[in-house]
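Trainee: Sharing a structure below in structure tokens format, with a few things to ask.
What follows is calculated from the coordinates using simple rules that are stated; it is not laboratory data. None of the values given here were measured: they were computed from a predicted structure. Every residue, glycine as well, gets a Cβ built from its backbone with ideal geometry; the counts of neighbours run over all protein chains shown.
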Amino acid sequence: MKKGKVFKIFAVCIVMTVMLANLCGCGSKKSKVTDKWDFTDLIHNGETLNAMDPNVDPSFKSTDGKNFEFSINGNKRTGVLEKNDDGSYAMIFNGKTKSMELTIDGDKMTIVQKDISLEMHFKKK
């Protein structure tokens, strides 16, 4: 076999290996605030309520990563997300920063409202 042909085969193998390695990284996307989320449970003043409780129905939706819709106990409110330096989001309702903060860790999202000791957990759909 000629040296040129061996080099071409070797070069093609290298290119294919690099392309395959790049494809492997595609499956490890981080969750985003625009993903769809299912409510799992909430903790209020130390008491845990899960998604099976008919009195608990929080939902969160953001299609653009900036505006959001948040609903709990039949009260639907809209607002704006402001990304913090640590990667969390401040949830702003009616132009005023509320004491609600949203964080995403893997496939879990947590919304915390500190002033009433409320913590809501969601999982990525």
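Trainee: Under 12 Å Cα to Cα from Lys125, which aspartates and glutamates show up? Leave out anything in the same chain fewer than 8 places away.
Mentor: Hits, sequence-local ones excluded: Asp35, Asp38, Asp107.
Trainee: Right, another one. Given the pairs Lys96/Lys123; Lys32/Lys66; Lys36/Lys96; Lys32/Lys96; Lys36/Lys114; Lys96/Lys124, which are separated by over 22 angstrom at their Cα positions?
Mentor: Result: Lys96/Lys123; Lys36/Lys96; Lys32/Lys96; Lys36/Lys114; Lys96/Lys124 exceed 22 Å.
Trainee: Could you derive backbone 3J(HN,Hα) for segment 111-125 from the dihedral phi with the Karplus parameters 6.51, -1.76 and 1.60 (θ = phi - 60°), listing whole Hz in sequence and x where the residue is Gly or Pro?
Mentor: 10, 10, 10, 5, 5, 10, 6, 10, 9, 10, 10, 10, 10, 5, 5
Trainee: Moving on to the next point. Please list 64-73, 41-50 highest first by mean number of surrounding beta-carbon atoms within 10 Å per residue.
Mentor: Highest-to-lowest ranking by the protection proxy: 64-73, 41-50.
Trainee: Starting from the 7 Å offset along Cα-to-Cβ, what nm value, one decimal, do you get for the label separation of Val80 and Lys96?
Mentor: 1.6
Trainee: Then there's this: From the phi angles alone, apply the Karplus equation (6.51, -1.76, 1.60; θ = phi - 60°) to segment 42-53 and give each ³J(HN,Hα) in whole Hz, x where the residue is Gly or Pro.
Mentor: 9, 10, 10, 6, x, 9, 9, 10, 9, 5, 7, 6
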